[in-house]
Amino acid sequence: PHVLRYALFMVPAASLLAAHGAIEAEAWTVSRTWTYLWRLLLLSGLLIGALQTLSIAEKSFSPLSVALGTESSSRYLERQEVPQMRAAAWIEAHGGSEDSKVLLLGDSRSAWLPARTLAASVFEEHPLAAWVGQAQSPQQVGALLRRKGYDFVVLNRAEWARLRAEPPAPIYWPAGDVVAQQRFEAWIATLEALPSTQRYLDAGLLIARLR
């Protein structure tokens with residue numbers, strides 16, 4: 001179903017090919033009925049393809065409300081589960097800069113965040129997995145990150161929950177290592193307990209300052 005959904009934009013092109021067939025058909029048919037049927041098929045295909053394409057754009061991609069000024073761009077992105085603009089604003093307000101090192105978890109989209117942001121897609125093992133495997137405790141995970149120069153951690157909880165429910169998801173601990181998984185989750189819990197940690201519950205976002 002997902003493949004068919006994102007292939008719908010090809011319908012208009014297929015309709016144009018059908019148009020070519022219609023023109024060719026008119027060359028050999030002498031029946032006006034068949035000619036009108038071909039034209040009706042062509043117009044129907046173009047109309048259906050256009051409506052389907054507009055429907056997909058409106059549902060998933062179209063920032064119409066932003067263009068009309070009825071919704072801020074940051075709120076639109078958060079509604080699309082891309083709250084990085086809010087995270088970038090928080091980091092800047094708490095001493096961050098373009099040179100800050102940021103560890104992005106639960107998401108691979110690093111737009112608006114500092115250039116030295118480390119992230120991984122669902123097709124990669126996050127470098128954090130090796131560091132979690134080396135650590136002996138949740139506190140050592142944080143200490144290791146600080147030694148590597150990281151200043152902030154950004155966790156997109158909403159996207160992380162979605163990816164874990166619909167694998168594949170980024171890997172944050174060595175595969176099959178239950179202890180490392182528990183160590184990772186305990187480290188996240190320690191971040192949540194830090195006084196400096198900011199939680200945006202409406203966006204499923206957690207931002208922690210490591211130093």
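For ASP151, ASP202, ASP177, ASP107, give the ranking by accessible area with the largest first, probe 1.4 Å. Intermediate values should be presented prior to the final figure.
On the way: ASP151 30, ASP202 105, ASP177 55, ASP107 5 Å².
So the residues, ranked largest to smallest area, are ASP202, ASP177, ASP151, ASP107.
Computed over neighbours whose Cβ is under 9 Å from that of LEU206, the net charge equals +1, Lys and Arg +1, Asp and Glu -1.
Note on ALA143 and ALA130: their simple-model spin labels are 2.1 nm apart, each label 7 Å out from Cα toward Cβ.
When HIS126, HIS94 are compared by accessible area at a 1.4 angstrom probe, the order from most to least is HIS94, HIS126. The gain in end-to-end length when the THR197 to VAL66 segment is fully stretched comes to 44.2 nm, 0.36 nm per residue minus the alpha carbon separation. With K and R counted +1 and D and E -1, the other residues having a Cβ less than 15 Å from that of TRP173 yield a net charge of -2.
The values are calculated or read from the model by the stated rules, or taken from the named source; none is laboratory data. No experiment lies behind these values; they were computed from the predicted model shown. With ideal geometry, Cβ positions are generated from the backbone for all residues, glycine too; neighbour counts draw on all protein chains shown. Heads up: the accessible areas ignore ligands, DNA and RNA and are worked out on the full protein's heavy atoms, side chains in. Shrake-Rupley method; radii C 1.70, N 1.55, O 1.52, S 1.80 Å.
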